[in-house]
1. Please specify each residue of the range 118-161 satisfying the condition of being of a type in the set (A, V, I, L, M) and open to solvent by less than 10 Å² (accessible area, probe 1.4 Å).
2. The conditions are (1) at pLDDT 95 or above; (2) open to solvent by 30 Å² or more (accessible area, probe 1.4 Å), and V218 fails exactly one of them. Which is it?
3. So which residues in the range 67-84 are among the basic types (K, R) and either open to solvent by 50 Å² or more (accessible area, probe 1.4 Å) or assigned to a loop (DSSP other than H, G, I, E, B) (or both)?
4. Before we move on, is A276 out of contact with any Leu (no Cβ under 6 Å at 6 or more places or on another chain), in a helix (DSSP H, G or I) and either surrounded by 14 or more Cβ atoms within 10 Å (Cβ to Cβ) or at pLDDT 90 or above (or both)?
5. Pairs, please: C-beta under 8 Å, at least 6 apart or cross-chain, first residue without any contact (Cβ under 8 Å) to a residue 24 or more places away in the chain and in the range 95-106, second in a strand (DSSP E or B) and acidic (D, E)?
6. Are any residues in the range 167-181 at pLDDT 65 or above, open to solvent by 50 Å² or more (accessible area, probe 1.4 Å) and either over 19 Å from H224 (Cβ atoms) or in a helix (DSSP H, G or I) (or both), and if so, which ones?
Amino acid sequence: MFSSCTSKTQAAEPSELVIPAQPGQDNGLTIGLTRQETLHTHGIRTQADGSVPAEKALQKLEQGNSRYVEGMPQQRSFDADARLALAQHGQNPFATIIGCADSRCPLEIFFDVQPGDIFVLRNAGNTCTHAEGSMVGSVEYSVGHLHTNLILVLGHTRCGAIAGGSAAALSKTDKSQSETQPVSTLDKLLAGLAPVALQAQAELPAGSSLEEVAAHAVKVNVFHTIEKLLTYSKLLREKVREGEVVIQGAIYDIVSGKVDFLGACPRQALVLDMDAALVVRAPPVEDSTKEGKPVQGKGSASAKTGGA
């Protein structure tokens, strides 16, 4: 299934001649077509180009965001030839990014990249609370089959999902509401953010407002998502441990447009060393010689009911 889109050359990573738009200059299609220059084999990143080391991939994102903030994005076009090149030669993104579904966060725009450059996964709250979710499998696909070496978990300021999750979590400190059960999928998503909100609250001075907790929870959630990715994926743990893949966090400011790169998760080393703790242990078997009790098995009443 992946054979047609995963065989990649190991050529050196090509570079681009970046010609930023000048203030007040026309950024129309004509200028983009005539001034765009690239060293990519087919004019756009495809599998004919080499993989990008994590350090260089991060640098490309930083430089792209700087151009965006300065109002000088790279001049280029994505035309029929580019679409055909990607269709025929396959995708070769230089980074995988987990971002929020918020419509105010257009990743390709504020990183100043084009189709084929980044492998993007988005949901409300850029979260990963369940091992069986599509996020984990999609990230494994990107590093295992597309060979991206950088994973960036990207939160953003004024995140509605984080604000909602924080409000729900803090409201449950009232015992009268502690037994409330999630009634919708959205409720379950917000409930999954409760540990993030409570950790953010614990890290702030007593009496901090809900707005302050939610703002800090954005950063806490970025690292929480990284921890969950590593916890749920043995493949990712192995690749990070071996230095093949780098996972870092960042926060996009929806007002300034600037991305604050946070670096690696502070607890990464601890999570990478967790494999022994994940071994599933078989339930203890009662000694049938003691007090004449039968060994619990598939046919025993206690095995069927889950207890004695």
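The values are calculated or read from the model by the stated rules, or taken from the named source; none is laboratory data. Only a predicted model underlies this, so the values are computations on that prediction, with no experimental measurement involved. Here Cβ is always computed from backbone atoms with ideal geometry, including for glycine, and neighbour counts include all displayed protein chains. Please note that ligands, DNA and RNA were not included when accessible areas were found on the heavy atoms of the full protein model with its side chains. Shrake-Rupley method; radii C 1.70, N 1.55, O 1.52, S 1.80 Å.
1. Of the range 118-161, the ones of a type in the set (A, V, I, L, M) are 118, 120-121, 124, 131, 135-136, 139, 143, 146, 150-154, 161.
Hits for the range 118-161 are V136, V139, V143, L146, L150, I151, L152, V153, L154.
2. Looking at each condition in turn, V218 falls short on (2).
3. Here is the first cut: in the range 67-84, the residues among the basic types (K, R) are 67, 76, 83.
Answer for the range 67-84, where residues must be among the basic types (K, R) and either open to solvent by 50 Å² or more (accessible area, probe 1.4 Å) or assigned to a loop (DSSP other than H, G, I, E, B) (or both): R76, R83.
4. Working: out of contact with any Leu (no Cβ under 6 Å at 6 or more places or on another chain): yes; in a helix (DSSP H, G or I): yes; either surrounded by 14 or more Cβ atoms within 10 Å (Cβ to Cβ) or at pLDDT 90 or above (or both): no.
No.
5. none
6. Listed by number, the list holds a single entry, Q181.
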